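Taking it in order: structure first as structure tokens, then the write-up.
The values are calculated or read from the model by the stated rules, or taken from the named source; none is laboratory data. Values in this document were obtained by computation on a predicted structure and should not be read as measured data. Ideal geometry is used to build each Cβ from the backbone, glycine not excepted, and the neighbour counts take in all protein chains shown.
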Amino acid sequence: MHKKILLAYDGTEEGRVALLECADIAHLFHAETHLLAVMRMPSGIFLADGFVPDAVMEEERQLVQNTVDNGVALLREGGHSAHGHLAYGEPVEEICHLAAELKVDLIVLGHRKQTSFAARWWKGSVGISLLERAPCSILVAVGC
């Protein structure tokens, strides 16, 4: 039985599909829901001195925090117990870390089907690498 669910959420169309799936499961099992957005450190914004300007990081952090807040609000509007989390780093590491820390029973994430071989080859998949490292079951909600 799923008592705690962790939704890895990025605000995309696929993320919203995952959010709806998560809401259905949370309702069915009366589960506590945790929504996590992970902020990657964008390599392109490093300056010659090796640091990221505070204003750039704060703007990005606020955008990601808004994504978390909106997702939590949607879950709460549906009557679910939802908590938001924001992490910095690599998504798979941060998802697994929080899942273990919270002792969740299920991780939910969205997935976009790649249409070309090149897209699958060059772009890594959080879902695939998460399968190898997750401390619990995973539900992958597939967007169109």
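Within the range 67-94, being under 21 Å from M57 (Cβ atoms), of a type in the set (A, V, I, L, M, F, W, C) and assigned to a helix (DSSP H, G or I) holds for one residue alone: V68.
Pairing each residue of the range 1-22 that is among the aliphatic types (A, V, I, L, M) with any residue that is part of a loop (DSSP other than H, G, I, E, B) and surrounded by fewer than 20 Cβ atoms within 10 Å (Cβ to Cβ), provided the two are 6+ apart or on different chains, yields C-beta distances under 8 Å for M1/D105; I5/D105.
When the range 74-91 is filtered for residues that are in contact (Cβ under 8 Å) with a residue 24 or more places away in the chain and of a type outside the set (A, V, I, L, M, F, W, C), the ones remaining, listed by number, are G78, G79, H80, S81, H83, G84, H85, Y88, G89, E90, P91.
Per-residue answers, yes or no, for (1) at pLDDT below 90; (2) in contact with a strand residue (DSSP E or B) (Cβ under 9 Å, 6 or more places away or on another chain); (3) β-branched (V, I, T); (4) under 17 Å from A134 (Cβ atoms):
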{"position": "H30", "(1), (2), (3), (4)": "no, no, no, no"}
{"position": "V64", "(1), (2), (3), (4)": "no, yes, yes, no"}
{"position": "V72", "(1), (2), (3), (4)": "no, yes, yes, no"}
{"position": "G84", "(1), (2), (3), (4)": "no, yes, no, no"}
{"position": "H97", "(1), (2), (3), (4)": "no, yes, no, yes"}
{"position": "A100", "(1), (2), (3), (4)": "no, no, no, yes"}
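In this structure, A73 does not qualify as farther than 13 Å from C136 by Cβ and crowded, with 17+ Cβ neighbours inside 10 Å.
If I filter the range 126-144 down to residues being hydrophobic (A, V, I, L, M, F, W, C), surrounded by fewer than 15 Cβ atoms within 10 Å (Cβ to Cβ) and part of a helix (DSSP H, G or I), which single residue comes out as modelled with the highest pLDDT? Here the answer is L131. With respect to M39, determine if the residue is out of contact with any Gly (no Cβ under 9 Å at 6 or more places or on another chain), modelled with pLDDT under 95 and not basic (K, R). Here the answer is no, as M39 does not meet what is asked.
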